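Accompanying notes for the structure given below.
The values are calculated or read from the model by the stated rules, or taken from the named source; none is laboratory data. Since the model is a prediction, treat every value here as computed from it, not as a measurement. Heads up, the Cβs are rebuilt from the backbone with ideal geometry, glycines too, and the neighbour counts pull from every protein chain shown.
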Amino acid sequence: MSGTVSTFKLFFAHQDEEQEAWLRSMAQQGLHLIKVNPFCFWTFRRGEPADVVYRVDFPRNSQDPDFAQLMQDAGWTLAAKTVGWHYWRTEAVRGAAPELFSDTESKLRNFRHRLGIFVACAMPLFVMFVVTDKQRALEQLSLPFLLPLVAALLLWVLVMPYTIVQLMLKIRKLGNPLPG
């Protein structure tokens, strides 16, 4: 029962709970996360099924050795990381899933940080569309170069606004919880 399994699974920046639930279900099937890349390919090590809780984080201080020590002292192990995303894991205790962020304000800060990163990433493309002489740029590009570029830009133009809006909605929901 050894070896690795790789799979493709797409998640967006606001889908922490979905990622965490999926990773937990994979661990319950005996597939334990060891690597994830920016193109949504996940690699798992085959092992014994276990109830492992995963938490997704996009920390500001990820390079700080004190941060990693703090996480380890709290019982978390870094399972994988990619382009700023950290995937922490710990064993569930009698089915209970501990939280990485214990209060709403910490969750809000985390999602606001992500929103800022995505807005900053979207700005150069927005400026390029507004400022660039599109006709001249198109005349200077060859078709074999233009087709993949247009495909990548279309994907970017569709994904970035969706992600930004979803993060804003998540922040709004956390910041204005419904009574009840």
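Observations, loosely collected:
- For beta carbons closer than 6 Å, sequence separation of 6+ or different chains, a first residue in region 112-138 that is part of a helix (DSSP H, G or I) and a second that is at pLDDT below 70, there are no qualifying pairs.
- Looking across F44, F12, F67, one residue alone is in a loop (DSSP other than H, G, I, E, B), of a type in the set (F, W, Y) and either surrounded by 14 or more Cβ atoms within 10 Å (Cβ to Cβ) or not assigned by TED's automatic domain parsing to the domain that holds M168 (or both). It is F12.
- Filter pass, I34 being farther than 20 Å from V5 by Cβ and surrounded by 12 or more Cβ atoms within 10 Å (Cβ to Cβ): no
- Any chance F101 is within 28 Å of S25 (Cα to Cα), at pLDDT below 75 and not hydroxyl-bearing (S, T, Y): yes
- Near pairs, Cβ below 6 angstrom, 6+ apart or cross-chain, from region 39-52 (on the phi > 0 side of the Ramachandran plot) to any residue that is part of a strand (DSSP E or B) and exposed (fewer than 14 other Cβ atoms within 10 Å of the Cβ): C40/F8
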